[in-house]
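Written out below as structure tokens is the structure these notes cover.
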Amino acid sequence: RNGCQRLDLSGNARNCFLTGNPASYRNSIGKGLRCLLDVPRTSGQEVYGNTRHSSGTLCSQSPQPPGEKIPSLQISSVGQPPHRVPAWNLQINKSFHTSPSLQAAPVPLFWILVKPAQKLFAIILGRSIRNWWKALPPNKRELLKESARKNKWKILLGVSSLGVVFIMFYFTHLEETPVTGRARLLVFGKEHFRELSQMEYDMWIEQFKGQMLPETDARYQVVERVVGHLSESNKDVPQVAALEWVIHVVDEPDVNAFVLPNGQVFVFTGLLDAVSDIHQLSFILGHEIAHAVLEHAAEKASLVHFLDFLSLIFLAMIWAICPRDSLAVVGQWIQSKLQEFMFDRPYSRTLEAEADKVGLQFAAKACVDVRASSVFWQQMELAESIQGQPKLPEWLSTHPSHENRAEHLDRLIPEALKIRESCNCPSLSGPDPRLIFRLNMQHLLESSKGREAPNSTKQDPPKPKLDFPHT
């Protein structure tokens with residue numbers, strides 16, 4: 001029997017934040033800000049129920065013990081102080097790095113050791129060619145130049161042959177990405193990353209050994225149930241069913257989460273503080289699970305290795321052509337930055353967008369309110385604006401900007417809602433959380449303008465401080 005499991009937030013329809021230690025919200029920006037996202041949610045339904053799917057195999061389910069429910073996110077209603085700091089009152093990083101480079105793309109240990117040696121060899125080779133050329137008498141230089149002009153077609157043929165070898169290598173190492181079917185370069189075997197995942201796992205366990213929440217902690221149980229529900233609802237995907245998802249909740253204020261290629265899930269309590277409800281948390285964890293399912297670690301490492309190998313040719317040429325070492329160092333830096341901003345970072349943003357798309361599909365099959373996904377990134381954008389953090393251009397980041405990410409998700413939500421409907425999920429009640437967010441933002445802007453008006457006639461008025469009203 002095929003079907004879908006429900007994941008609905010039960011409780012008051014006017015609620016916002018996770019509970020916890022009251023001391024954690026002493027520096028709250030304002031009472032009204034605590035419930036800026038005052039989004040009504042479906043109430044009175046079982047959090048985990050089973051529905052029957054009449055046709056197709058898009059959705060999957062496994063029976064739940066009778067009466068067993070997910071530990072609800074305990075939340076505080078309007079007019080009551082939340083027990084945790086809302087997302088916009090956190091000391092957050094410049095961006096929400098769901099997949100840091102070390103965590104998202106660990107490379108085989110051999111290449112970690114060999115890569116610096118490759119660059120050093122290219123530098124020594126290029127510098128040796130330059131010194132050899134300088135040491136030649138002028139008449140021999142002219143003879144070599146004349147010989148090169150006579151054999152220019154042979155030289156061009158040799159260079160073209162080398163290019164053909166690289167092209168053949170690229171196309172013979174293309175594979176399809178799971179779920180999406182996108183063609184991608186895969187140089188390293190998946191088994192390499194499964195083995196290295198254990199090494200990386202041991203490193204993170206050692207680093208956070210004193211900060212791991214016990215399994216009895218309510219926050220751990222929430223994450224465990226959400227991940228378990230996502231994996232059960234998507235077990236028709238072979239890569240999801242093949243991995244054993246192990247939960248680790250780290251007591252850290254960073255807004256962060258990541259999943260290693262072997263299924264080890266790490267969630268920081270800062271993320272639990274930042275999300276407004278279980279639907280946002282489900283989407284974020286679905287995004288991270290998508291990174292592991294789509295094998296982005298192996299893909300990113302393969303591309304980086306391929307580009308680095310190609311860059312060795314240009315690196316040797318830079319050191320051979322530049323007349324001085326100082327100029328060669330500058331040329332090498334320019335070449336590395338061009339590779340980073342023209343290939344590495346755009347590719348990382350592409351992988352993030354793909355994980356957002358697949359993660360949204362995973363959440364939809366788990367009957368999550370997928371409309372909350374874009375609201376989360378709008379919250380993050382608001383958080384950085386309130387904290388006065390500089391807004392850097394997207395091309396400087398490995399992740400899409402919060403604004404573009406929210407817009408991308410908004411375009412994907414209609415398709416995700418169709419997937420959710422095909423799984424016979426309970427209908428979404430209440431207004432769209434995106435509409436509620438926009439209305440509240442409009443209300444805040446109008447309130448701030450009203451407070452600015454009395455000071456408009458003063459000379460050099462101080463910068464107005466937003467006092468967020470109740471929603």
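Let me know the shape class of the stretch 329-406, please: from the alpha-carbon gyration tensor, a ≥ b ≥ c as square roots of the eigenvalues, rounded when a/c is under 1.5, otherwise prolate if a/b is greater than b/c, or oblate. Here the stretch 329-406 falls in the oblate category.
The length gained on full extension between M342 and E421, counted as 0.36 nm times the residue separation minus their Cα-Cα distance, comes to 24.5 nm.
Loop-resident chymotrypsin sites (Phe, Trp or Tyr not before Pro) (DSSP state other than H, G, I, E or B) in the stretch 262-325 with no more than 13 further Cβ atoms inside 10 Å of their Cβ are absent. Taking other residues whose beta carbon is less than 9 angstrom from the beta carbon of I413, and scoring Lys, Arg as +1 and Asp, Glu as -1, yields +1. Once you sort the root eigenvalues of the Cα gyration tensor of the stretch 184-447 as a ≥ b ≥ c, which label holds: rounded (a/c under 1.5), prolate (a/b larger than b/c) or oblate (the other case)? Because a/c hits 1.5 or more and a/b exceeds b/c, the stretch 184-447 counts as prolate. Rolling a 1.4 Å probe over the protein heavy atoms gives the stretch 184-447 an accessible area of 39 Å² per residue. I247: net charge of surrounding residues, Cβ under 12 Å, Lys/Arg +1, Asp/Glu -1, itself excluded? Neighbourhood net charge equals -3. Once the mean 1/r over all distinct Cα pairs of the stretch 270-313 is inverted, what Kirkwood radius in angstroms do you read off? Averaging 1/r across every pair of different Cα atoms and inverting gives 12.7 Å. In this structure, D325 and F121 have a Cβ-Cβ separation that, at R0 = 22 Å, corresponds to a calculated FRET efficiency of about 0.85. Between L310 and M212, the modelled labels are 4.2 nm apart [label points 7 Å from Cα along Cα→Cβ].
What does the charge add up to near A320, with Lys and Arg as +1, Asp and Glu as -1, over the other residues with Cβ less than 10 Å from its Cβ? Counting the neighbours of A320, the net charge comes to +2.
Using a probe radius of 1.4 angstrom, the carbon and sulfur fraction of the accessible surface of the stretch 184-447 is 60%. Taking each residue as 0.36 nm, the span from L144 to A242 lengthens on full extension beyond its C-alpha to C-alpha distance by 29.2 nm. Computed as a quarter of the hull surface, the mean projected area of the alpha carbon convex hull for the stretch 274-345 stands at 6.9 nm². Filter K209/K357; K119/K152; K119/K391; K119/K300; K119/K337 down to the pairs with a C-alpha to C-alpha distance above 26 Å, please. In this structure, K209/K357; K119/K152; K119/K391 lie more than 26 Å apart at Cα.
The values are calculated or read from the model by the stated rules, or taken from the named source; none is laboratory data. Model, not experiment: these values are computed from the prediction. Ideal geometry is used to build each Cβ from the backbone, glycine not excepted, and the neighbour counts take in all protein chains shown. Side chains included, ligands, DNA and RNA excluded: accessible areas come from the protein's heavy atoms. Shrake-Rupley method; radii C 1.70, N 1.55, O 1.52, S 1.80 Å.
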